[in-house]
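Working notes, structure below.
Every number in this text was worked out from the coordinates using simple rules, so none of it is lab data. All of these numbers come straight from a predicted model, not from anything done at the bench. We place every Cβ from the backbone using ideal geometry, glycine too, and count neighbours over all the protein chains shown.
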Ligand SMILES: [Zn+2]
């Protein structure tokens, strides 16, 4: 998270493209109507895989609960922010290895895996123009912690979601899904004591559309956890992908789940 300063953003944002947004909404509405029509014409078993059916049902639930008119349906897409990408290096190790490099490698793998699973996914920069009013089922920003040796307990991951979100239940569910799946797959402890306002008030949370469920994950400390972050990004990305799919597919988290702390 180090050095993320929105006011240092060298990228000037374009003004919103009114026509393309309008077209996008029309297209989304069209797709939603078409999907609903197809869905009633054929049985789901013929047309949809379990995953698609599941996603469709979630989409329907969200539409019923949250969105008063069809034009406000969110696109069935996921945003993945590679922390510091396009802006700065983030934390830097003595040998020149940077947090941004780690974040981008992990984010790229997460995007590839989610796309392979059938989702529409955007790989986003730290201050990407597309973040403004970004609409999707979920948005996850990937960061890593300091490369300096702090103490023997400076190991593990952190997850935070917006504290003032309009849909807190969804944010908390995404947070819990990420924590459970990431801890289970990577074996890294949950470093709860160092979650700072930098994370809970992360700038991106205020830029995206209020109906987009978001979270930020610091996948580990670049010092003590460098081996898994640098040499096993596949495992790291598997943990994040499983957390996002847990949220989207409304999978459960075991009641007896125990947080492992450093
Ligand atoms: Zn960072």
Residue separation between residue 251 and residue 122 times 0.36 nm, minus their alpha-carbon distance, gives in nm 44.1 nm
For the range 75-248, what ratio Rg/Rh do Cα atoms give with a Kirkwood hydrodynamic radius? 0.93
Burial ordering of 143, 180, fewest other beta-carbon atoms within 10 Å first: 180, 143
Antiparallel bridge percentage (DSSP; both residues within the range 110-232; nearest 5): 30 percent
Whole-Å distance, taken between Cα centres, linking the range 218-258 and the range 161-178: 17 Å
Which ordering of 238, 129 is given by a fewest-first count of other beta-carbon atoms within 10 Å? 129, 238
